[in-house]
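A short write-up of the structure that comes next.
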Amino acid sequence: MVPKSFEYVAPSTIDEALSYLGRFGPDSKVLAGGQSLVPLMKLRLAAPKYLIDINRIPDLEYIREEKSDGKEELAIGALTRHHAIEASDLIKSKASAMSEAASMIGDPQVRNYGTIGGSLVHADPAADWGAVAIALGATLRLVSSKGPRVLMADHFFVGALTCAAEPSELLTEIKIPLESPPLRTGSAYAKLERKTQDFATVGVAAKISLNDSGVCEKVGIGLASVAETSMRATKAEASLVGSKITRAKIEEAAEEAAGECRPTDDILRGSAEYKRAMARVFTERALTSALKRAENKM
Ligand code: FAD
């Protein structure tokens, strides 16, 4: 349980971090909250020669509302802790799914140290943030010494524990688009845990936007722990767009989500059949809460 020896650097600016990443590339790892990386290093499943600690960079930890091309969005620094997201009133009022997901991650220690950026880059298919980022239509800003690029969350998760970030890239920001009135939008996260503070057996994030006639104009459904990556339930989404969402429509969408997910048997969290059944139940729950929140918006 002792990591292999490594060199430690602690840049104080993004540029300095990028210069280290450019120099050390695949021999290095970024250290954010350390809640996934440090256990892997202790088990020697990760053995970076250089550890680039980004915790002293002040411009990576924030939650704010911004306007871009007349459209409102939430901007969240990659180093923002799970707990800061859980506690943010702005997040609560604009993206309830994020507050709910944050509150269900691990224990208080994990939530106080762990960061949204670290979780996304770690790309654990059972993690909560991937499903939420997909459902809310998040974009992720990656920066290297060659410049920035922005990826949709849909294109970020490549495989189990593998994301689209290059070894020379730093994830700096997550942006969540906000729908403007007259659309009324609600979102929710529903998670089945084997025991309290556990990773998801199944997690479902949902976002619903209703127009002024109560018809569903936009919907996002992201699933955790039921495929090799966090995934979008596209068939379930398609079954809702353009309709008034009734109980029967929610049941139909939940059935689609259960059909399109790709769970596997595992001895800890149950059979593929069980997880598929739970994907149906938790999709129903997330959609029901998201709908209620959208309907209650003035
Ligand atoms: P680190 O561990 O520091 O880094 C993780 C990876 O991301 C590393 O490869 C690192 O190099 C890279 N990285 C980090 N930040 C950046 C960046 N800005 N740019 C580029 N690369 C970067 N997660 C859940 O979703 N749900 C749970 O219920 C849950 N329960 C947990 C319970 C326990 C006991 C523990 C230890 C962890 C749990 N986690 C859970 C994982 C937790 O959310 C971690 O915080 C998260 O996976 C990693 O974030 P971090 O900031 O700690 O990243």
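Students often get this wrong, so check it: of Lys218/Lys249; Lys94/Lys275; Lys195/Lys297; Lys67/Lys244, which have C-alpha atoms separated by over 26 Å?
Working: Lys218/Lys249 14 Å; Lys94/Lys275 30 Å; Lys195/Lys297 33 Å; Lys67/Lys244 30 Å.
With Cα atoms farther than 26 Å apart: Lys94/Lys275; Lys195/Lys297; Lys67/Lys244.
Counting only Cα, what are the radius of gyration and maximum Cα-Cα distance Dmax of the chain, in Å?
Cα-based Rg and Dmax for the chain come out at 19.1, 62 Å.
For the chain, which whole percent of the accessible surface, found with a 1.4 angstrom probe, sits on carbon and sulfur atoms?
Numbers: 7100 of 13740 Å².
Carbon and sulfur together cover 52 percent of it.
May I ask you to give the solvent-accessible area per residue for the chain, in square angstrom, as obtained with a 1.4 angstrom probe? All intermediate terms of the calculation are to be shown ahead of the outcome.
Values: 13740 Å² over 298 residues.
For the chain, the solvent-accessible area averages 46 Å² per residue.
What FRET efficiency comes out for Glu7 versus Asp265 if R0 is 45 angstrom and r is the Cβ-Cβ distance? Round to the nearest 0.05. Intermediate values should be presented prior to the final figure.
Values: r = 42 Å, r/R0 = 0.93.
That pair, Glu7 with Asp265, gives E of 0.60.
Under a crude label model (7 Å from the Cα following the beta-carbon direction), how far is Val38 from Asp15 in nanometres?
3.1
Enumerate the lysines that Lys146 could reach by cross-link, defined here as Cα to Cα under 25 Å, with residues fewer than 8 away along the same chain left out.
Lys29, Lys49, Lys175
So between Lys146 and Lys71, what do we pick up on full extension, going 0.36 nm a residue minus the alpha carbon distance? Present the calculation step by step, with values, prior to reporting the outcome.
Values: separation 75, 0.36 × 75 = 27.00 nm, distance 2.79 nm.
Contour length minus Cα-Cα distance gives 24.2 nm.
For region 68-221, treating each Cα as an identical point scatterer without solvent, what Debye log10 I(q)/I(0) comes out at q = 0.10, 0.12 1/Å?
Values, matching the q order: -0.34, -0.50.
Can you give me the relative contact order of the chain as a percent, contacts being Cα pairs under 8 Å and 6 or more apart? Mind showing how you got there, number by number?
Details: 725 pairs, mean separation 47.7, N = 298.
Worked out over the chain, it gives 16 percent.
Remind me, relative contact order of region 172-244 in percent, using alpha carbon pairs under 8 angstrom and six or more residues apart? Numbers along the way, then the final one.
Details: 120 pairs, mean separation 16.9, N = 73.
Once normalised by length, the contact order is 23 percent.
For an R0 of 25 angstrom, estimate the FRET efficiency from the Cβ-Cβ distance between Ala47 and Glu273 and round to the nearest 0.05. Write down the numbers at each step before the final one.
On the way: r = 38 Å, r/R0 = 1.53.
Efficiency at R0 = 25 Å is approximately 0.05.
For the chain, what does -39500 (n - 2.57) per DSSP helix run (n ≥ 4), summed and divided by total residues, give at 222 nm, in deg cm²/dmol to the nearest 500? Could the numbers behind the result be given before it?
Numbers: 11 runs with 102 residues, N = 298.
When only DSSP H runs of four or more count, the value is -10000 deg cm²/dmol.
Please report the Cα spread of region 184-295 along all three principal axes, rounded to whole Å, starting with the longest.
That works out to 47, 26, 22 Å along the principal axes.
For the chain, modelled as a GNM with alpha-carbon contacts under 10 angstrom, which of Arg262, Arg44, Arg81 fluctuates the most?
Comparing Arg262, Arg44, Arg81 in a Gaussian network model of the chain, the most mobile one is Arg44.
The values are calculated or read from the model by the stated rules, or taken from the named source; none is laboratory data. This structure is a prediction, so every number in the text was calculated from the model and none was measured. A quick note on method: Cβ atoms are made from the backbone with ideal geometry, for glycine too, and the neighbour counts reach across all protein chains shown. Just the protein is used for accessible areas: all its heavy atoms, side chains included, with ligands, DNA and RNA removed. Shrake-Rupley method; radii C 1.70, N 1.55, O 1.52, S 1.80 Å.
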